[in-house]
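Colleague: Quick one: the structure is below, and I'll ask about it shortly.
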Amino acid sequence: MFFIQQTKAYFLRGWTISRWARALSSIRTVPDPILLKDAAPLSKHSYLRRFLIEKHMRFIFRHVPAAGLAAPQVGSKYRVFLLLPEDENAKKPLVFYNPDLISLSGKMEEDYEKCLSTPGSVLVPRSPKITITAENRRGHKFQASAEGFSARIIQHELDHLRGILMTQYGAAVEDDMS
Ligand SMILES: [Zn+2]
């Protein structure tokens, strides 16, 4: 009985690790040129494309340690990003298609950011409040506002969609390994 349990545990772990490794290995990192390109808007009638991009991004998002993910980071050239809401009960990310900045407000605040596509951390100044418009999978437009950490992530992901990496704000410092 003990042996069976051990075997099951082993297989379960192997399966989890392989999915995690597959997700992580599909993250594009510098110097991949897709990270430096302007992402393209999705047309109103691209439901199937939106569905496929979202499915791919959600799969990867589940397996990586991130609060946000932009489509170019997974090799897609379209204007899409995912954001995990700060709400502790939120397990699923929100998806924003064709996001556009409406306004930034408040006094700029500096904080360290990390990115799956670039090594280390960078001190980046961001506005504490942001309002954007975006579309859902069906192409319906909506407006969203965020503050604090979420506002920072949205600005980071909007940068990705313009081909801007956090390293353009300053030099990366190595992560503390302790
Ligand atoms: Zn990033």
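Colleague: Do the sum for the chain: with -39,500 (n - 2.57) for every DSSP H run of n ≥ 4, divided by all residues, what is the mean residue ellipticity at 222 nm, to the nearest 500 deg cm²/dmol?
Modeller: Helix-only estimate at 222 nm: -10500 deg cm²/dmol.
Colleague: How far is helix 2-25 tilted, in degrees, relative to the longest principal axis of the Cα atoms in the chain, given as a value from 0 to 90 rounded to the nearest 10?
Modeller: Rounded to the nearest ten degrees, it is 30.
Colleague: Another question, then. Treat every Asp and Glu Cβ in the chain as -1 and every Lys and Arg Cβ as +1, leave all other atoms uncharged, and give the resulting dipole magnitude about the Cα centre to the nearest 20 debye.
Modeller: Numbers: 25 positive and 18 negative charges, 237 e Å.
Taking the Cα centre of the chain as origin, the dipole is about 1140 debye.
Colleague: Okay, moving on. Along each of its three principal axes, how wide is the spread of alpha-carbon positions in the chain, in whole angstrom units, largest first?
Modeller: 61, 45, 35
Colleague: Evaluate the relative contact order of the chain (contact order divided by residue number), counting alpha-carbon pairs under 8 angstrom at least 6 apart; express in whole percent.
Modeller: On the way: 301 pairs, mean separation 40.2, N = 178.
Contact order relative to length: 23 percent.
Colleague: Could you check which residue among Phe61, Phe81, Phe51 shows the biggest mean-square fluctuation in a GNM of the chain with a 10 Å Cα cutoff?
Modeller: Evaluated over the chain, the most mobile residue of the options is Phe51.
Colleague: Now, a different point. Sort 63-73, 32-42, 144-154 by packing, meaning the average of other beta carbons within 10 Å per residue, with the highest value first.
Modeller: On the way: 63-73: 21.0, 32-42: 15.5, 144-154: 18.4.
Descending packing order for the listed peptides: 63-73, 144-154, 32-42.
Colleague: Taking the Cα centroid of the range 60-128 and of the range 159-173, what is the distance between the two, rounded to the nearest whole Å?
Modeller: Using only Cα atoms, the two centres lie 12 Å from each other.
Taken together, the values in this text are just the output of simple stated rules run on the coordinates, not laboratory data. Values in this document were obtained by computation on a predicted structure and should not be read as measured data. With ideal geometry, Cβ positions are generated from the backbone for all residues, glycine too; neighbour counts draw on all protein chains shown.
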